[in-house]
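Below is one structure; the comments refer to it alone.
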Amino acid sequence: MRRAAILVLLAAAAPSPALAHAIGGADAAFVSGAVGPEPFPFLYLGAKHMVTGYDHLLFLAGVVFFLHRLREIALYVTLFSLGHSLTLVAGVLGRWTVDPFLVDAVIGLSVAYKGFDNLGGWRTLFGRQPDLRLVVFGFGLVHGLGLATKLQALEPNPEGLLANLLAFNLGVELGQLLALGLIVGLFAAWRRTAAFARFSAFANAGLITAGLVLTGQQLAAFAARSGALA
């Protein structure tokens, strides 16, 4: 399906690369001004953040691309969720200082990594494939750190912060399930057509390209900011 690969490439060229999956506008103002527990608004914001987070969704699309069994999908999604939940909560509460551009650059690399992995690149080069369970969990930690940097930048009020973080994370999980259900359904329908065998390699090449573009955009933004501060 050429259209699927084209959509992957278009996602990589989405606007405001330096602000990938950022929280802006009225949402940002709400997070900055919230005092005390606000579970339902934060749950909504978490779900919205994941559904519009194209870099997260591209990685998940790569993870489930060749998975057929719901048990396998559940395993890897659980590992990814555990990873990003840990660093999201710990990163904000612990006030970890991590450059958001560099974190997002690694998130872009995670997309490219999964496309390369799906094409059998690691087996071709090294004769073996890294343990996907460890890879998905590890990249989950990085993706969660990316989420944490976006919240940290808004300087949320410490009053009610833990409750709001947990609600936000729950929203992320719900948004992820919603988006993943659509992705898995589309892949299941695509696999039933002859086009899947013909264009699956092309689509994964598109994932590699998208990931590298995302990484390049973030590194360029990091270099530009570093130059401006010099």
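Every read-out reported here was derived from the displayed coordinates using simple, explicitly stated rules and does not represent laboratory data. Keep in mind it's a predicted model, so treat the numbers as computed, not measured. Cβ sites come from the backbone with ideal geometry, for glycine too, and all protein chains shown count toward neighbours.
Summary table
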| read-out | value |
| --- | --- |
| The range 163-190, subset surrounded by 14 or more Cβ atoms within 10 Å (Cβ to Cβ) and more than 30 Å from LEU151 (Cα to Cα), residue farthest from the chain's Cα centre (by Cα) | TRP190 |
| Of the criteria (1) touching a Gly at 6+ places or on another chain (Cβ under 7 Å); (2) farther than 24 Å from ILE73 by Cα; (3) surrounded by 17 or more Cβ atoms within 10 Å (Cβ to Cβ), which one GLU159 fails | (3) |
| Those residues of the range 141-156 which are buried (at least 17 other Cβ atoms within 10 Å of the Cβ) and outside any helix (DSSP H, G or I), in sequence order | LEU154, PRO156 |
| Residues located in the range 108-128, provided they are over 17 Å from LEU60 (Cα atoms) and in a loop (DSSP other than H, G, I, E, B) | GLY120, GLY127, ARG128 |
| Residue list for the range 191-211, restricted to those being crowded, with 19+ Cβ neighbours inside 10 Å and under 19 Å from the mean Cα position of the chain (by Cα) | ALA203, ASN204, GLY206, LEU207, ILE208, ALA210, GLY211 |
| Test: residue in the range 58-73 that is touching a Lys or Arg at 6+ places or on another chain (Cβ under 9 Å), within 16 Å of ILE183 (Cβ to Cβ) and β-branched (Val, Ile, Thr) | yes |
| Looking only at the range 26-65, and only at residues there that are in a loop (DSSP other than H, G, I, E, B) and within 11 Å of the chain's Cα centre (by Cα), the one that is farthest from ALA205 (Cα to Cα) | THR52 |
